[in-house]
1. Where the second residue is of a type in the set (V, I, T) and within 9 Å of the ligand (Cβ to nearest atom) and the first is free of Cβ contacts under 8 Å to residues at least 40 places away in the same chain and lies in segment 103-121, which pairs have Cβ atoms under 7 Å and are six or more apart or on separate chains?
2. Name the residue that is farthest from the ligand (Cβ to nearest atom), counting only residues in segment 4-54 that are basic (K, R) and closer than 21 Å to D213 by Cβ.
3. Search segment 33-87 for residues being of a type in the set (D, E, K, R) and surrounded by 15 or more Cβ atoms within 10 Å (Cβ to Cβ), and hand back the single one that is farthest from A20 (Cα to Cα).
4. Any idea which of (1) modelled with pLDDT of 95 or more; (2) over 15 Å from K16 (Cα atoms) is the one A198 doesn't satisfy?
5. Going through segment 6-30 one residue at a time, which ones are assigned to a strand (DSSP E or B) and surrounded by fewer than 24 Cβ atoms within 10 Å (Cβ to Cβ)?
6. For segment 132-146, which residues satisfy the criterion of being in a loop (DSSP other than H, G, I, E, B) and either under 15 Å from the mean Cα position of the chain (by Cα) or crowded, with 23+ Cβ neighbours inside 10 Å (or both)?
7. What are the pairs with Cβ atoms under 7 angstrom where one residue, in segment 177-188, is farther than 22 Å from F157 by Cβ and the other, located anywhere, is more than 9 Å from the ligand (Cβ to nearest atom) and assigned to a helix (DSSP H, G or I)? Sequence gap at least six, or different chains.
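The values are calculated or read from the model by the stated rules, or taken from the named source; none is laboratory data. Model, not experiment: these values are computed from the prediction. Note that we place each Cβ from the backbone using ideal geometry, even for glycine, and neighbour counts take in every protein chain shown.
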Amino acid sequence: MDKFNIAIDGPAGAGKSTIARLVAGMLGFIYVDTGAMYRAVTWKVQQEGLHPNQETEVVALANRMRIELIPGPEGQQVFVDGVDVTKEIRMTTITDDVSQIASIGGIRQLLVALQKQMAVAKGIVMDGRDIGTHVIPDAEVKIFLTASVTERAERRFKEMHTNGTGTLTLEQLEQDIARRDQMDQEREISPLKRAHDAVLMDSTAMTIAEVVDEILGLCKDKVGGGK
Ligand code: C5P
């Protein structure tokens with residue numbers, strides 16, 4: 001099979017985006033970071049001075065805005081109404097509000113519909129929280145990628161210090177990750193959950209290369225794709 005879809009779900013900081021980008025590069029597929037779409041909506045909400053509690057206004061605003069995801073060698077670039085927000089959507093002010101925005105039914109409806117459209121042509125590696133359960137339940141390869149909270153916080157800590165996007169301590173990061181995990185797992189609409197047919201991978205003691213290798217091996221087993 002030439003083209004197929006890969007769904008990668010899991011909690012914050014499990015390494016989904018790094019892994020998904022590398023797997024997409026190896027297969028010549030397009031990488032779609034769905035978390036960036038929820039972050040883009042959160043960015044716009046803050047720009048317009050709305051509070052995440054103003055659900056009707058937030059949904060109306062999201063329906064008016066244009067989100068573009070442009071795949072590039074350095075990762076996916078994100079534009080909102082023509083403005084490049086790639087860096088800004090990673091700031092802690094956005095991270096603080098994004099899970100609340102992502103729990104609004106009208107927002108999920110809108111973004112999931114866009115994500116489903118992106119996956120129609122196949123050849124997509126999509127990462128998020130509900131990809132294998134709701135967005136592309138028929139994806140040929142499904143992975144639920146996780147790691148311990150401590151390991152995930154340490155990875156985020158290193159990443160933030162490398163690209164200068166945050167000033168949080170390791171402890172604060174651990175708390176933030178645990179808080180987002182809880183909100184994402186407990187929300188009513190499409191909570192973070194392993195799809196019954198997703199392969200569970202715990203990356204705590206694995207290198208990035210090992211995880212990528214395992215996923216490519218899985219692609220080969222399932223659809224004859226990959227290595
Ligand atoms: O992946 P990332 O950490 O950037 O996602 C930010 C937030 O967006 C998550 O904590 C979650 O609340 C939300 N999200 C979601 N469904 C997705 C992707 C992200 O609810 N498919």
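1. Every condition considered, the pairs that remain are K116/V135.
2. Narrowing segment 4-54 to residues basic (K, R): 16, 21, 39, 44.
Remaining after also requiring closer than 21 Å to D213 by Cβ: 16, 21.
Numbers: K16: 7, R21: 13 Å.
Here the residue is R21.
3. The initial filter retains those residues of segment 33-87 that are of a type in the set (D, E, K, R), namely 33, 39, 44, 48, 55, 57, 64, 66, 68, 74, 81, 84, 87.
In the following step, the residues that additionally are surrounded by 15 or more Cβ atoms within 10 Å (Cβ to Cβ) were identified as 33, 39, 44, 55.
Working: D33: 8, R39: 18, K44: 26, E55: 31 Å.
This residue is E55.
4. (2)
5. Within segment 6-30, the first condition is being assigned to a strand (DSSP E or B), and the residues that meet it are 6-9, 30.
Matches in segment 6-30: I30 only.
6. Restricting attention to segment 132-146, the residues satisfying the condition of being in a loop (DSSP other than H, G, I, E, B) are 136-140.
I136, A139, listed by residue number.
7. none
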